[in-house]
Amino acid sequence: VQLQAFGRGLVQAWGFLRLSCGASRIMFSAYDMAWYRQAPGKDRELVASITSGGETTYENSVKGRFTIFRDNYADAVYLQMNNLKPEDTAVYYCSTVDRGRKRWGQGTLVTVSS
């Protein structure tokens, strides 16, 4: 499995940013996908997930602001982030589970200035 995330950026509070993650070497449509983030000095946390069937879940602090969606033709998963807050500053990782093991993309830095 290879996961590669794109979309790092510096945005102002209340701005927006879209992250994308391309997957290769898997039958993408069959995999659940997720976005995690890790802020400085904090543990990595689940931000949003989407099943192979399109069901989504969100961490409470991003509900109503972030949207996870997937394009199975492009083998990609996206995270649309609106109304960004400084506390959203973190390195964001896309992830999936392949053959019982968690797989991670390389991480992309999102910085939200106040």
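The values are calculated or read from the model by the stated rules, or taken from the named source; none is laboratory data. All of these numbers come straight from a predicted model, not from anything done at the bench. So basically every Cβ, Gly included, is an ideal-geometry build from the backbone, and we count neighbours across all protein chains shown. We work out accessible area using only protein heavy atoms, side chains counted, and drop any ligands, DNA or RNA first. Shrake-Rupley method; radii C 1.70, N 1.55, O 1.52, S 1.80 Å.
Quick notes on this one:
- Some residue of region 39-46 being surrounded by 17 or more Cβ atoms within 10 Å (Cβ to Cβ) and part of a strand (DSSP E or B): no
- The residues of region 86-110 that are part of a loop (DSSP other than H, G, I, E, B) and open to solvent by less than 40 Å² (accessible area, probe 1.4 Å), listed by number, are THR89, GLY105, GLY107.
- The lone exception for THR57 - which of (1) open to solvent by less than 70 Å² (accessible area, probe 1.4 Å); (2) touching a strand residue (DSSP E or B) at 6+ places or on another chain (Cβ under 7 Å) it fails: (1)
- Extreme residue, farthest from TYR73 (Cα to Cα), among residues of region 8-28 that are modelled with pLDDT under 95 and open to solvent by 30 Å² or more (accessible area, probe 1.4 Å): LEU10
- Residue that is surrounded by the fewest Cβ atoms within 10 Å (Cβ to Cβ) [pool: residues in region 60-83 that are of a type in the set (Lys, Arg) and in a loop (DSSP other than H, G, I, E, B)]: LYS63
- Extreme residue, nearest to GLY64 (Cα to Cα), among residues of region 84-104 that are under 11 Å from the mean Cα position of the chain (by Cα) and among the hydroxyl-bearing types (Ser, Thr, Tyr): TYR92
- So ARG99, is it at pLDDT below 95 and either basic (Lys, Arg) or within 20 Å of VAL1 (Cβ to Cβ) (or both): yes
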